[in-house]
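Remarks on the structure that follows.
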Amino acid sequence: MAEQTAYSIHQSPMFESLEIADVQRLIDEQHEPWWNQTLCRVNDSVVRLGILHGEFHWRKHDDEDEFFLVLDGHMRLEVEGDVEIELGPRQGYTVPKGVLHRPVASVQTSMLMVENATVTPTGD
């Protein structure tokens with residue numbers, strides 16, 4: 001049986017409007033294999049910082065798209081239908097609503113995710 005990755009997920013926004021979000025400081029301070037922090041809310045969406053090393057579980061969001069932007073490292077997005085999307089620094093990809101997917105990183109990778117505030121980070 002494969003070992004389950006431990007997730008550290010924080011859904012409350014860390015920063016308010018008119019406040020500097022020092023993303024690099026947050027990246028430098030994290031050493032967990034999967035750390036997810038909602039940075040801020042923008043209208044009806046949130047911006048989340050994910051730092052990952054390993055595999056996340058398969059999930060989908062029935063009613064919302066999800067955008068991924070790799071800041072540093074390398075991530076593979078596995079998408080239903082045996083599709084694999086390779087993303088390097090400053091590359092992004094949108095997974096449409098209702099599509100089963102999971103991020104996988106063989107090295108520590110930092111990324112931003114933009115999605116509706118109603119999205120549960122662990123999937124529906």
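Every read-out reported here was derived from the displayed coordinates using simple, explicitly stated rules and does not represent laboratory data. Quantities reported herein were computed from a predicted structural model and do not represent experimental measurements. Reconstructed Cβ throughout: ideal geometry from the backbone, glycine too, with neighbour counts over all protein chains shown.
Being touching a Leu at 6+ places or on another chain (Cβ under 9 Å) and polar (S, T, N, Q) is a property that Gln11 lacks.
Summed over region 73-87, the residues that are at negative phi and either without any contact (Cβ under 8 Å) to a residue 12 or more places away in the chain or assigned to a strand (DSSP E or B) (or both) give a count of 10. Taking each residue of region 91-117 that is free of Cβ contacts under 8 Å to residues at least 60 places away in the same chain and farther than 14 Å from Leu71 by Cβ and looking for partners that are of a type in the set (Val, Ile, Thr) and crowded, with 21+ Cβ neighbours inside 10 Å with beta-carbon atoms closer than 8 Å, six or more apart or interchain, yields His101/Val95. Filtering region 67-87 down to residues that are among the acidic types (Asp, Glu) and more than 25 Å from Val23 (Cβ to Cβ), which residue is farthest from the chain's Cα centre (by Cα)? So, considering only residues that are among the acidic types (Asp, Glu) and more than 25 Å from Val23 (Cβ to Cβ), the one farthest from the chain's Cα centre (by Cα) is Asp82. Of the residues making up region 42-63, those that are under 26 Å from Ala21 (Cα atoms) and surrounded by fewer than 19 Cβ atoms within 10 Å (Cβ to Cβ) are Val42, Asn43, Asp44, Ser45, His53, Gly54.
From the residues in region 88-124 that are among the polar types (S, T, N, Q) and in a loop (DSSP other than H, G, I, E, B), which one is nearest to the chain's Cα centre (by Cα)?
Thr122
If the condition is being among the β-branched types (Val, Ile, Thr) and surrounded by 12 or more Cβ atoms within 10 Å (Cβ to Cβ), then region 1-41 contributes Thr5, Ile9, Val23, Ile27, Thr38. Of the residues making up region 50-79, those that are out of contact with any Lys or Arg (no Cβ under 8 Å at 6 or more places or on another chain) and farther than 15 Å from Val119 by Cβ are Ile51, Leu52, His53, Gly54, Asp72, Gly73, His74, Met75, Arg76, Val79.
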